[in-house]
Amino acid sequence: MHLTEQERIRRSSLQELKRRGIEPYPAAAYPVTHRSRSLADAFEEGVEVSLAGRIMSRRIMGKASFAELQDGEGTFQLYLNRDVLCPDEDKSLYNDVFKKLLDRGDFVGVKGVTFLTQTGEQSIEVRELTVLAKSLKPLPAVKVDEDGKVHDAFTDPELRYRMRYVDLVVNPQVRATFEARSTVIRTIRETFDAKGWLEVDTPVLQAIPGGAAARPFITHHNALDIPLYLRIANELYLKRLIVGGFEGVYEFSRNFRNEGMDRTHNPEFTVMELYVAYKDYLWMMEEMEQLLAKVAHRLHGTHKVTLAGNEIDFTPPFRRVTMRDAILEHTGVDIDGLDEAGLRAACEGLGIETDASMGKGKLVDELFGEKCEHHYIQPTFITDYPVEMSPLTKAHRSKPGYTERFELMINGTEVANAYSELNDPIDQRERFESQLKLAERGDDEAMFIDQDFLRALEYGMPPTSGVGIGIDRLVMMLTNQTSIQEVLLFPQMRPEVFATGPDLGALEAAGVPAEWAPHVAAAGFETVEDLASIKPAGLREKLNGFRKKNKLDLPALSLEDVESWMTNA
RNA sequence: GAUCUCGUAGCUCAGCUGGUUAGAGCAUCUCACUUUUAAUGAGAGGGUCCUGGGUUCGAGUCCCAGCGGGAUCACCA
């Protein structure tokens with residue numbers, strides 16, 4: 001294994017700690033009395049404290065040193081004085097262990113007494129120092145100067161996402177984003193629980209991927225020998241629970257869609273879906289206004305949030321615009337009364353590409369998506385979607401051809417989608433059948449018919465309103481992030497390829513003498529496959545050349561030697 | 001999937017129209033230093049210039065292919 005100089009030094013420090021009888025990875029719990037931020041907030045001098053965390057920096061000045069200890073809350077300054085830490089003759093804990101054998105990134109526990117330095121910095125004078133875990137790889141050396149400017153920032157997105165653990169250690173704002181994410185989810189959960197709604201779990205593996213229009217991931221169940229789909233939505237299951245008599249159910253659902261990835265899409269993402277009986281989409285709009293205002297206020301202490309240079313105001317009520325008016329306003333096209341041909345002509349007149357698989361719903365969707373969506377920066381409910389693009393939504397109470405649906409747009413992006421749920425089983429069956437026709441026309445995202453769901457509706461579902469909130473996007477909106485990868489701890493990445501290194505055992509098994517195997521690998525033939533990729537004569541020539549160049553104390557190889565390995569390979 | 005763009009030390013980055021032994025700051029190592037805070041001062045080590053081809057007397061630099069990332073687009077929430 002290739003180690004950098006810094007890694008080799010840390011490993012030798014590790015061995016030296018062990019040699020001195022200091023366990024670098026002790027098993028025992030370390031008793032902690034305080035943590036950094038709460039200690040700073042209620043600071044008093046002369047208090048005995050015990051903290052644990054990572055050493056994030058050291059400023060060594062001979063017989064005294066300062067260090068930054070980073071724990072789960074933040075950082076706190078340590079002051080280590082040689083003669084305080086080591087009051088007896090033996091000064092090795094300070095001189096050797098702290099100054100030489102410990103590094104930035106190591107976990108330690110300290111016991112000591114709080115005090116203020118001459119410059120007024122809250123500090124702990126360390127009386128006891130315990131090694132808790134040695135770090136063998138150096139952390140990126142991020143520094144912040146007195147103006148708050150960050151130097152040598154760890155910013156490479158690939159490294160940050162692949163090694164989120166490092167990102168979290170050195171970039172406090174990243175930790176803050178994920179704490180905010182947790183606060184968003186917790187606030188929603190507390191709000192819903194207080195209203196008596198039930199948090200439920202429904203299947204992730206589904207035989208029919210329903211509830212949304214998207215391409216699913218397919219897997220296979222061996223015992224049943226059937227294909228199963230990772231859920232693209234949980235909507236149909238939650239509605240079954242409303243049929244079953246629960247009056248309010250919600251689920252934070254990890255959904256999976258086998259589609260593109262970009263700064264607003266990840267193959268797996270989180271939607272909070274809520275269904276409440278005896279309500280409609282008008283009620284749901286008010287409910288969402290109150291919820292988002294509460295979440296924003298919990299995070300920021302205000303309803304006004306900065307996002308990508310805009311101030312987003314979550315103060316209720318939010319603006320409401322019908323889909324028809326939105327399209328009329330931004331394109332001059334009145335979709336009311338237009339048939340499929342008319343819509344297609346309107347799209348093409350605006351430079352929107354269409355194809356034969358697109359029905360009325362899809363065409364309206366294109367008009368809105370291309371020409372309107374990005375205009376809605378402030379929270380806005382877009383309401384009353386055409387029936388063709390909403391197969392699970394109840395027909396509008398007074399506008400024929402439309403449904404009782406809204407989407408909440410923030411910063412030009414859809415954050416929530418809600419309906420007065422379709423509970424007429426006959427209408428629902430017809431909607432599914434028209435989806436089937438779309439599928440026959442080539443729309444590979446048209447919904448499957450879920451016969452069991454239809455049966456459930458036939459038993460009767462009360463009037464219900466449902467909503468799905470894109471949690472990842474909502475967190476983006478509330479934490480001023482423009483990439484979904486910044487709000488997912490482990491965003492999807494192409495799998496990393498690790499250098500496997502030479503397989504000496506396999507080389508020897510193929511007949512390569514043990515004394516030759518490392519040299520064969522060093523010459524570039526690391527695996528049996530590598531051996532098989534070249535003619536014996538060529539291999540012999542290269543290896544003997546390598547032997548001569550590196551003055552190996554080994555007999556030259558004969559063609560027979562090499563041929564015998566190849567036969568075994 | 002398409003287009004553009006990037007890949008140089010542990011980290012952040014220079015490296016000109018191709019030209020000696022590839023540089024800087026931080027980090028690391030050695031020494032000094034008892035209230036510092038981007039600690040300081042002196043010295044030292046550290047490189048598969050992403051990989052593989054090609055052009056050339058000569059490639060980190062130019063060309064081709066590949067791998068990986070980012071951005072834009074398509075699909076989508």
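I'm checking my understanding of the structure. Among residues of the stretch A:27-65 that are of a type in the set (K, R) and surrounded by 12 or more Cβ atoms within 10 Å (Cβ to Cβ), which one is farthest from A:K143 (Cα to Cα)? Reasoning before the result, please.
Of all residues in the stretch A:27-65, those of a type in the set (K, R) come to A:35, A:37, A:54, A:58-59, A:63.
Right, trim to surrounded by 12 or more Cβ atoms within 10 Å (Cβ to Cβ) and you get A:35, A:37, A:54, A:58, A:63.
Values: A:R35: 22, A:R37: 20, A:R54: 15, A:R58: 12, A:K63: 24 Å.
Result: A:K63.
Can you list the helices (runs of 4 or more DSSP H) lying wholly within the stretch A:252-358 that have 3 or more residues being over 34 Å from the mean Cα position of the chain (by Cα) and surrounded by 15 or more Cβ atoms within 10 Å (Cβ to Cβ)? Spell out how you get there, then give the answer.
Numbers: elements: A:281-300, A:323-331, A:340-349.
Filter on the stretch A:252-358 gives A:323-331, A:340-349.
Please go through the stretch A:392-413 and pick out each residue that is over 19 Å from A:E286 (Cβ atoms) and surrounded by fewer than 22 Cβ atoms within 10 Å (Cβ to Cβ).
A:A395, A:S398, A:K399, A:P400, A:G401, A:N411, A:G412, A:T413, listed by residue number.
Only one of these is surrounded by 13 or more Cβ atoms within 10 Å (Cβ to Cβ) and within 30 Å of A:G105 (Cα to Cα): A:F217, A:F178. Name it.
Numbers: A:F217 fails: within 30 Å of A:G105 (Cα to Cα).
One residue alone meets the criteria, A:F178.
Residues in the stretch A:404-459 that are under 21 Å from A:G244 (Cβ atoms), under 31 Å from the mean Cα position of the chain (by Cα) and among the aromatic types (F, W, Y): how many?
So the count comes out to 1.
Acidic (D, E) and closer than 30 Å to A:M56 by Cα - does that describe any residue in the stretch A:175-185?
Of the stretch A:175-185, the ones acidic (D, E) are A:179.
Narrowing further to those that are closer than 30 Å to A:M56 by Cα: A:179.
The answer is yes, given that some residue of the stretch A:175-185 is acidic (D, E) and closer than 30 Å to A:M56 by Cα.
Could you say whether any residue in the stretch A:152-165 is surrounded by 14 or more Cβ atoms within 10 Å (Cβ to Cβ) and of a type in the set (V, I, T)?
no
Can you tell me which of A:L488, A:L474, A:L457, A:L478 is in contact (Cβ under 8 Å) with a residue 40 or more places away in the chain, in a helix (DSSP H, G or I) and within 13 Å of RNA strand B (Cβ to nearest atom)?
Working: A:L488 fails: in a helix (DSSP H, G or I); A:L457 fails: within 13 Å of RNA strand B (Cβ to nearest atom); A:L478 fails: within 13 Å of RNA strand B (Cβ to nearest atom).
One residue alone meets the criteria, A:L474.
List every residue pair whose Cβ atoms sit under 7 Å apart, with the two residues 6 or more apart in sequence or on different chains, where the first one lies in the stretch A:135-158 and is touching a residue at least 12 places away in the same chain (Cβ under 8 Å) and the second, anywhere, is among the aromatic types (F, W, Y).
Taking only residues 6 or more apart or on different chains, the pairs are A:P140/A:F154; A:V142/A:F154.
Report, ordered by the first and then the second residue, all pairs with beta carbons closer than 9 Å, sequence separation of six or more or different chains, a first member in the stretch A:53-69 that is over 17 Å from A:S92 (Cβ atoms) and charged (D, E, K, R), and a second member that is at pLDDT below 90 and surrounded by fewer than 17 Cβ atoms within 10 Å (Cβ to Cβ).
A:R54/A:L139
Consider the stretch A:57-93. How many of its residues are assigned to a loop (DSSP other than H, G, I, E, B) and near RNA strand B (Cβ under 9 Å from one of its atoms)? Walk me through it before giving the result.
Of all residues in the stretch A:57-93, those assigned to a loop (DSSP other than H, G, I, E, B) come to A:62-63, A:71-74, A:86-91.
Narrowing further to those that are near RNA strand B (Cβ under 9 Å from one of its atoms): A:62-63.
Within the stretch A:57-93, residues that are assigned to a loop (DSSP other than H, G, I, E, B) and near RNA strand B (Cβ under 9 Å from one of its atoms) number 2.
Tell me, which residue of the stretch A:36-56 that is assigned to a strand (DSSP E or B) and of a type in the set (D, E, K, R) is farthest from A:D71 (Cα to Cα)?
At the first step, the residues of the stretch A:36-56 found to be assigned to a strand (DSSP E or B) are A:48-56.
Among the residues that remain, those that are also of a type in the set (D, E, K, R) are: A:48, A:54.
Working: A:E48: 17, A:R54: 7 Å.
So the residue we want is A:E48.
If A:G21 passes every condition in (1) at pLDDT below 95; (2) more than 15 Å from RNA strand B (Cβ to nearest atom); (3) surrounded by 14 or more Cβ atoms within 10 Å (Cβ to Cβ) but one, which one does it miss?
Just one mismatch for A:G21, condition (3).
Just to confirm my filter: which helices (runs of 4 or more DSSP H) fall fully inside the stretch A:143-213 and include at least 2 residues that are at pLDDT 85 or above and away from RNA strand B (no atom under 16 Å from the Cβ)? Break it down stepwise before answering.
Working: elements: A:157-162, A:164-170, A:172-194.
In the stretch A:143-213, the matching helices (runs of 4 or more DSSP H) lie at A:172-194.
The values are calculated or read from the model by the stated rules, or taken from the named source; none is laboratory data. Computed from a predicted model, the values in this text were never measured in an experiment. Using ideal geometry, Cβ is built from the backbone for each residue, glycine included, and neighbour counts are taken over all protein chains shown.
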